[in-house]
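See below for the structure under consideration.
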Amino acid sequence: MTAFEHLGAPLTSGALRLKNRIAHASILTRYAAGGRTTDRLIAYHENRARGGAAMIVTEAVNALPSQAGRGSYLDAYSDDSLPELARLAAAVTTHDCRLLAQIQERGRGNYSRSRVDRAVAPSALPDDLTGAVPHPLSTVEVDTMIEDFAAAAGRLQRAGFDGVEISAGHGHLFHQFLSTHSNRRTDKYGGDLAGRTRLLRDLIAAIREACGRDFVIGLKLPAEDGDPGGIDLDQAEAIATTLADPATVDYLAFAWGAQNRHLQWHVPDGHWPRMPYAEKTARLRASANGLPVMALWRIVDPNEAEAVLARGQADFVGLGRALIADPHWPQKTLDDQSHSIRACVSCNTCWGAIAEPAPLVCDANPDIGTPLEVAPPPGATPGPTPIDRRRRVVVVGGGVAGLAAAAEAGAAGHDVVLFHRTDALGGRAFTAARLPGGDGLQGVYDFDVERARASGVRFELGITAGIDEITGLAPDAVVVATGSDMPWPGDPELGAILPSLRDLVEDADARAGVMGQHLVVIAGEDTIWTYRGAEALSGRFPRVTVITEHEIPAAGEPLVVRQGLLERIGTGPVDIIASAQAVVTPGGLESGEFGYRDLWRGTSHSLHAVDMVVHTSPRRPRIDLVEPLAAAGIAPIMIGDAFQPRALMHAVAEGRRAGRSIGAC
């Protein structure tokens, strides 16, 4: 018997019939093309059906004629789409997995911060992020929209879908009708609670009439949305009680945040505790009139998910990012192989990609939406790439790129030796995992460490491998994954006494107590990790100031990541001086005076009583081995930061490709 008896238990409620309590929550993939299915879209969903999910809720489909032209969404607004929808339905449901399509219209809400043309809403009130004023829908237009949504639901049913989920959270159009913050109508779809919920009640009734009682209707409702005068828990309870009719609805889910400065609430990152909305969802569940409630939080660990169900805080779990990272999360859990799950690190790289807009990606799972992402767990049969003969492979560097290469090459059957200059594997990710918000990042490299060990990779730790150590093994292939350095880009004399932020963070790990009074961080590399490093050191310095030449801190990070940063900075001990250029001199460092120049005004300013200055400058590849290897007649495979400093996702992907490429037939 599995240790996860609640997660493994079937669930039946109305039309909802699930083989276990694990569902795939709706995630926008942008894998459709021209409104049609693609091999990658089918592979993505089929991999998760094969991986044991009992139900998959797809991203929203183009259900309205007005949504035509959104090419990265599946079309469902005309009968021409039936063959394409049927392809997806057949691929998923053959694995005893229920398939639901999400239906929604975003209305005025738009997280890209651009002013979308022809936006609609209940009332002509500005979008909370972009300020765009939408077209207020007339009563007739709302009535027509309900008819079109119901027709699309009928089309999905004929194509083989088991149901739909109506997305009335996240600040989308249905949410906008529910909230007095955005709904100032005086017709039948506005006013009191009965009026504001009428759109959804009429829509549910229209879908039931079109599809019958055996078609699943799920309803995602807002919890706390963060809007001024918006929806709080009391109002969320009233809305749920009004709409949760077991005769017509099959399950509920609750979403936090909206298209506002609290958009980040709906995808809690590593700064949040695990399952931050468990207790609040339990409270809302009491207003669900007996309908099963799907938990939508930061659910990563199967033990935590099991506890949620055992405590009665929810009836089943909806996994989004966790199933992006590992499509076999359900099966591994229920087969008591949860230790082999490739963990989600809650980094929100996935969200950042689809908001670009671009296809869905994952730092931990670069093979997402391909057959390769369903690799066997550690200790299982080697992966699918055939090799012509066993080779001796040397990997230099035990960061995420080197570990991924070693794990893949070892799993393919090669004899692999990995050198790493310290005893702690993970490289730059090892340090990042210890910063605020880095919780879980170690899962990326731990996954490959276990795969490498299970396939016999030999680790040589605490050794800086030189040409003699490498050639002494007579390798057939050498993978260089030595990472990057962060030298001061200016005066070498100054660089000799000016440490990097990473140096100071690692030094702080070995020291206790206050390290100084005022730390200045020169943010030459304006990533989230610079600010997380500053946050980490704020406990060791009473005052921390970050100087950046950018107008907005961490401007290149996903909006939800940046929102969280700005909220923490605005209420925490770190100060940021933006649009400023550091003026650093050895004399200034000795005197405790730190100068900077306002880039807009051209004026000079000083910070006083500064006793430590560090920098995050653009990284440079470590390529010391390239020339010695060339002299020895070896052409190395360069990966990760050793080739070009980039993001975690690129390092993992290149490592996987490098390991698979060695001796491939």
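The values are calculated or read from the model by the stated rules, or taken from the named source; none is laboratory data. Note that the structure is a prediction, hence the values are computed from the model and not measured. Methodologically, a virtual Cβ is constructed for each residue, glycine included, from the backbone with ideal geometry; neighbour enumeration extends over all protein chains shown. Side chains are part of the model used for accessible areas, which takes the heavy atoms of the whole protein and leaves out ligands, DNA and RNA. Shrake-Rupley method; radii C 1.70, N 1.55, O 1.52, S 1.80 Å.
Can you tell me what percent of all Cα-Cα pairs in region 266-361 are more than 18 Å apart? Pairs farther apart than 18 Å: 50 percent. Amide H to amide H, with H built 1.01 Å from N, HIS615 comes under 5 Å of SER500, LEU501, ILE522, counting only residues 5 or more places away or on other chains.
According to the square roots a ≥ b ≥ c of the eigenvalues of the Cα gyration tensor, what is the shape class of region 311-352, taking rounded for a/c under 1.5, prolate for a/b larger than b/c otherwise, and oblate for the remainder? Present the calculation step by step, with values, prior to reporting the outcome.
On the way: a/c = 2.42, a/b = 1.21, b/c = 2.01.
Oblate.
Fully extending the segment from LYS188 to ILE552, taken as 0.36 nm per residue of separation minus the present Cα-Cα distance, adds 126.7 nm. Along region 525-534 the Karplus relation, 6.51 cos²θ - 1.76 cosθ + 1.60 evaluated at θ = phi - 60°, assigns HN-Hα couplings of 9, 8, 9, 4, 6, 4, 6, 5, x, 5 Hz to successive residues, with x for each Gly and Pro. For the pair region 231-307 / region 406-420, the C-alpha centres are spaced 44 Å from each other. Working note: Karplus 6.51/-1.76/1.60 with θ = phi - 60° gives region 483-495 the couplings x, 9, 10, 10, x, 5, x, x, 3, x, 4, 5, x Hz, where Gly and Pro are set to x. The phi-based Karplus calculation (6.51 cos²θ - 1.76 cosθ + 1.60; θ = phi - 60°) puts the 3J(HN,Hα) values of region 176-190 at 4, 5, 6, 9, 5, 5, 10, 10, 10, 6, 10, 8, 5, 9, x Hz, whole numbers, x for Gly and Pro. Close amide-amide hydrogen proximity is noted between MET55 and HIS24, ARG98, each under 5 Å apart and 5 or more residues distant or on a separate chain (H modeled in the peptide plane; Pro and chain starts excluded).
For ARG106, the residues 5 or more places off, or on other chains, whose built amide H falls under 5 Å of its own are LEU173.
Spin-label model, ARG158 to SER579: label points 7 Å out along the Cα-to-beta-carbon direction sit 5.7 nm apart. Look at the alpha carbon pairs under 8 Å that are at least 6 residues apart: their mean separation over the length of region 292-338 gives a relative contact order of 40 percent. Normalised by the number of residues in the chain, the mean separation of alpha-carbon contacts (under 8 Å, six or more apart) gives a relative contact order of 12 percent.
Each of ALA630 and ASP611 was given a label point 7 Å from its Cα along the Cα-to-Cβ line. The distance between the two points is 4.8 nm.
Relative to the current alpha-carbon distance between HIS339 and ALA238, full extension at 0.36 nm per residue lengthens the span by 32.3 nm. Cross-link reach is defined here as a Cα-Cα straight distance under 25 Å, omitting same-chain residues fewer than 8 places apart; for LYS188 the lysines meeting it are LYS220. Ligands, DNA and RNA left out, the 1.4 Å accessible surface of region 490-609 is 52% carbon and sulfur atoms. Per residue, the chain exposes an accessible area of 38 Å² to a 1.4 Å probe, with every protein chain left in place. Taking each residue as 0.36 nm, the span from THR12 to ALA247 lengthens on full extension beyond its C-alpha to C-alpha distance by 83.2 nm. May I ask you to give the percent of accessible area on region 266-418 that is carbon plus sulfur, with a probe radius of 1.4 Å? With neighbouring chains kept in place, the figure for region 266-418 is 51 percent.
Sorted by packing (mean other beta-carbon atoms within 10 Å per residue), highest first, where do 228-237, 504-513, 96-105, 413-422 land?
On the way: 228-237: 15.6, 504-513: 13.0, 96-105: 23.2, 413-422: 21.6.
Per-residue mean Cβ counts within 10 Å order the peptides as 96-105, 413-422, 228-237, 504-513.
Take each peptide in 399-405, 433-439, count the other Cβ atoms within 10 Å of every residue, and average; sorted highest first, the result is 399-405, 433-439. Packing around the peptides 43-49, 275-281, taken as the average count of other Cβ atoms within 10 Å per residue, puts them in this order, highest first: 43-49, 275-281. Between region 547-597 and region 69-135, the C-alpha centres lie 38 angstrom from each other. Modelled this way, with points 7 Å down the Cα-to-C-beta line, the labels at ASP388 and ASP39 are 2.4 nm from one another. Here's the picture: a label point sits 7 Å out from the Cα of THR527 along the beta-carbon direction, and within region 557-580 the residues with their amide nitrogen under 17 Å of it are 557-559, 561-562, 565.
Partners of LYS19 within straight-line reach, counting lysines whose Cα lies under 20 Å from its Cα and excluding those fewer than 8 residues away in the same chain: LYS332.
Taking the 1.4 Å solvent-accessible surface of region 78-237 as the whole, the part contributed by carbon and sulfur is 49%.
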